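Data first, discussion second: the structure below is written as structure tokens.
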Amino acid sequence: MTATDREGGPHRPRNRRRRPLRWLAALAVLAAGGWAWFQWQCWGLQTTRTQAALPGLPAGFDGYKIVHLSDLHGHQYGEDSGELLDRVREEGPDLIVITGDLIDQESQLAMVPALARGLAAVAPAYYVTGNHEWALGTGAVRELKNVLSQCGVTVLSNQYQILERDGAQIVLAGVDDPNGYADQTSPEELAAAIQADQPGLFTLLLAHRNDHFGQYANAGYDFVMSGHGHGGIVRLPLVGGLIGTDRRFFPPWTAGVYAVGDSTLFVSRGLGNNTVPYKGFRIFDRPELAVVTLRAKG
């Protein structure tokens with residue numbers, strides 16, 4: 001009998017018994033890491049900075065900085081939106097715009113005052129409605145608009161104002177989402193009224209729906225800022241957004257700057273995920289606080 005026989009044979013079976021535990025531990029670590037990465041994709045706030053070269057922009061507005069918020073869907077970054085507000089302050093914008101889907105549940109109205117007051121304290125802030133607010137009903141939209149107005153945010157409901165800088169003027173217009181009143185002023189009618197009242201002025205339009213850019217370009221708006229598309233939900237390298245809001249693949253105009261004729265569009269990827277009727281998600285498409293600097297072209 002050998003020494004190995006006397007000691008009970010090789011110890012290899014004992015190592016083999018440990019291997020399943022090691023695999024399970026490795027899988028648990030991978031699963032936890034994957035979940036953390038997924039949460040970062042969904043909620044890891046990213047500040048992006050874009051230069052938008054715009055034909056016809058007056059020289060006085062060259063370098064004009066706009067912070068663009070869209071599609072927050074009631075989410076709060078920090079207590080009373082403190083993290084989001086800190087990031088906005090750091091940018092020192094000339095203008096803040098909110099292009100709809102600020103909330104999609106009535107209970108989320110409670111988070112609006114702190115955010116609205118914080119934004120209005122940084123720079124002039126403007127808001128237009130999105131489809132999710134109107135899905136709550138006209139009463140909820142009316143209450144939201146009142147809260148925003150009381151907290152210093154200007155609501156544009158198929159209206160426009162004149163902005164001035166360094167002796168130059170541009171038009172800032174805003175349209176309600178098509179989910180609103182059936183007899184509301186159309187974007188075309190608003191554009192015609194602007195041209196009648198302020199002929200030749202550069203027009204910046206706030207409108208929630210990115211996929212209506214063709215309509216806005218045909219109406220003659222020079223620059224449009226929108227959201228709605230959530231960046232395509234999943235973004236693919238060299239391709240862009242994968243899924244449109246109509247659930248079709250490879251939609252146009254999902255994030256960044258685009259041009260149709262003489263009109264230019266900037267689309268925000270948005271700050272939140274839908275909470276109704278389903279939970280949203282993002283892949284390679286982190287929430288975006290967009291900072292857009294206007295540049296005079298030509």
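The values are calculated or read from the model by the stated rules, or taken from the named source; none is laboratory data. For clarity, every value in this text was computed on a predicted model and none was experimentally measured. Note that each Cβ is placed from the backbone with ideal geometry, even for glycine, and that neighbours are counted across all protein chains shown. Please note that ligands, DNA and RNA were not included when accessible areas were found on the heavy atoms of the full protein model with its side chains. Shrake-Rupley method; radii C 1.70, N 1.55, O 1.52, S 1.80 Å.
Observations
- Single residue of segment 136-148 satisfying the filter (over 20 Å from LEU69 (Cα atoms) and of a type in the set (A, V, I, L, M)) that is most open to solvent (accessible area, probe 1.4 Å): LEU136
- Residue that is touching a Gly at 6+ places or on another chain (Cβ under 6 Å) and of a type outside the set (Gly, Ala, Ser), where the choices are LEU242, LEU236: LEU242
- Considered as a group, the residues in segment 232-285 that are buried (at least 22 other Cβ atoms within 10 Å of the Cβ) and assigned to a strand (DSSP E or B) include one that is modelled with the lowest pLDDT, and that residue is GLY241.
- Segment 10-62 - residue that is within 30 Å of ASP94 (Cα to Cα) and assigned to a helix (DSSP H, G or I) and, of those, modelled with the lowest pLDDT: GLN41
- Qualifying residue in segment 106-128 (condition: hydroxyl-bearing (Ser, Thr, Tyr), touching a helix residue (DSSP H, G or I) at 6+ places or on another chain (Cβ under 9 Å), crowded, with 20+ Cβ neighbours inside 10 Å and not in a strand (DSSP E or B)): no
- A Cβ distance below 8 Å, combined with a sequence gap of six or more or placement on separate chains, defines the contacts here; from segment 66-79, residues that are under 19 Å from THR48 (Cα atoms) and outside any loop (DSSP other than H, G, I, E, B) reach residues that are open to solvent by less than 10 Å² (accessible area, probe 1.4 Å) and among the aromatic types (Phe, Trp, Tyr) in the pairs HIS68/PHE266.
- Filter pass, ILE103 being part of a strand (DSSP E or B), of a type in the set (A, V, I, L, M), within 19 Å of the chain's Cα centre (by Cα) and crowded, with 17+ Cβ neighbours inside 10 Å: no
- Within segment 165-197, restricting attention to residues that are free of Cβ contacts under 8 Å to residues at least 40 places away in the same chain and in a loop (DSSP other than H, G, I, E, B), the residue that is most open to solvent (accessible area, probe 1.4 Å) is ASP183.
- Test: residue in segment 221-228 that is free of Cβ contacts under 8 Å to residues at least 60 places away in the same chain, within 20 Å of PRO178 (Cβ to Cβ) and polar (S, T, N, Q): no
- Among residues of segment 198-209 that are under 17 Å from ARG165 (Cβ atoms), those with a Cβ under 8 angstrom from a residue that is of a type in the set (Asp, Glu) and open to solvent by 30 Å² or more (accessible area, probe 1.4 Å), sequence gap 6+ or separate chain, pair up as PHE202/ASP222; THR203/ASP222; LEU204/ASP222.
- Restricted to segment 143-168, and to residues there that are among the hydrophobic types (A, V, I, L, M, F, W, C) and closer than 16 Å to GLU133 by Cα, the residue that is farthest from the chain's Cα centre (by Cα) is VAL147.
- Exactly one residue among GLU288, GLU188 is touching a helix residue (DSSP H, G or I) at 6+ places or on another chain (Cβ under 9 Å) and closer than 22 Å to GLN41 by Cα, and that residue is GLU288.
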